[in-house]
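For reference, the structure is listed below as structure tokens.
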Amino acid sequence: LGSAWEAFTLRFDGLIDNQPTVRDGIANLDFRVDDAWLDDPVLATFAGTTGAEGEAAQKGQVKPFLLGTPKMVEGVLINSIDTIVQLNDGPIAAVDVAFEDAQRFTAPVGDYASYAALQAATIAPGLWATCLAGGYVRHGAPIDGVATYDVQGSNSGSDGGGHVRKAGAIIKRLAAKMGKSAKVDAAGLTAFDAARPYNISVALLSQVTMRDLVQSIAQSLNAVALVTWTGL
């Protein structure tokens, strides 16, 4: 008592739903951690306004998000005229290999700085190019079979990291994508990566909540995710 406010240690940051009941000078409170954001959807959706936002029929469909180095993943064909496929909602580190019905293409013929530059490029049939800054690939002709890709996934985020591969860093990237970096225990996740220094990969192609996703990632490394009394 008597210390400046800044000297106090935050012990709880959450919700008190009701007025306390008071009896014999003791107030009883019902309180809980505010973790509602964990049930929000992780993935953004296409607006269906053409170009990078997909064709009209794709309005409301989720944008893919790849973390680590997932293999043989299908992208989303967002421009059927120019055969442009989105692999990731945001920058990626590389596309190592492209396949059509498990038959690999030759190396990409170039990398373009933007969706517009990729669309404007001249690419011969049978060849392909990338826009790593936007997470796109473009083929020089329509694909007859099933196109899949080996991808080095998400390579930028407000968490300050580049190409993330370990579980704690991946959780930080997911929180940053949702604008919730302040809601994760960054130091704890760094320590988690030191204790479980294994690379993992996550390919998100359908909607999921942060709660389910983080628990799944933790369980894959024999760990348990929890929320602290301060909401982290």
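The values are calculated or read from the model by the stated rules, or taken from the named source; none is laboratory data. These numbers come from a predicted model, not from an experiment. Quick reminder, even Gly has a Cβ in these numbers, built from the backbone with ideal geometry, and neighbours come from all protein chains shown. Ligands, DNA and RNA are excluded from the accessible area calculation, which covers all protein heavy atoms including side chains. Shrake-Rupley method; radii C 1.70, N 1.55, O 1.52, S 1.80 Å.
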Ranking ALA102, GLN58, ALA44 by how far each Cα lies towards the positive end of the charge dipole of the chain (+1 on Lys and Arg Cβ, -1 on Asp and Glu Cβ), the top one is ALA102
From highest to lowest solvent-accessible area (probe 1.4 Å; ligands, DNA and RNA excluded), MET72, MET178, MET210 read MET72, MET178, MET210
Net charge near VAL146 (other residues with Cβ under 15 Å of its Cβ; Lys, Arg +1; Asp, Glu -1) is -3
With +1 at each Lys and Arg Cβ and -1 at each Asp and Glu Cβ, the charge dipole magnitude of the chain around its Cα centre, to the nearest 20 debye, comes out at 380
Which of (1) 50; (2) 40; (3) 55 gives percent of Cα pairs over 25 Å apart as computed here? It is (1)
Karplus ³J(HN,Hα) for region 24-38 (6.51 cos²θ - 1.76 cosθ + 1.60, θ = phi - 60°; Hz, whole; x = Gly/Pro) runs 6, x, 10, 9, 9, 10, 9, 9, 8, 5, 8, 10, 4, 4, 5
Rounded to the nearest 500, the 222 nm mean residue ellipticity computed for the chain from DSSP H runs (n ≥ 4, each -39500 (n - 2.57)) alone is -4500 deg cm²/dmol
Residue-normalised value, i.e. accessible area per residue, for the chain at 1.4 Å probe, in Å², stands at 54
Counting only protein heavy atoms and leaving out ligands, DNA and RNA, the solvent-accessible surface of TYR136 at a 1.4 Å probe, in Å² to the nearest 10, equals 20
Relative contact order of region 51-150 (C-alpha contacts under 8 Å, at least 6 apart) in percent is 33
Carbon and sulfur atoms account, in whole percent of the 1.4 Å probe accessible area of the chain, for 53
In terms of the charge dipole of the chain, which places +1 on Lys and Arg and -1 on Asp and Glu at the beta carbon, the residue among GLY126, SER216, VAL76 farthest towards the positive end is SER216
Taking 0.36 nm per residue of separation between ARG32 and ALA191 and subtracting their Cα-Cα distance, the length gained on full extension comes to 54.6 nm
Taking Cα pairs closer than 8 Å and at least 6 residues apart, the relative contact order of the chain in percent is 23
Ordering 45-52, 26-33 by per-residue average of other C-beta atoms within 10 angstrom, highest first, gives 45-52, 26-33
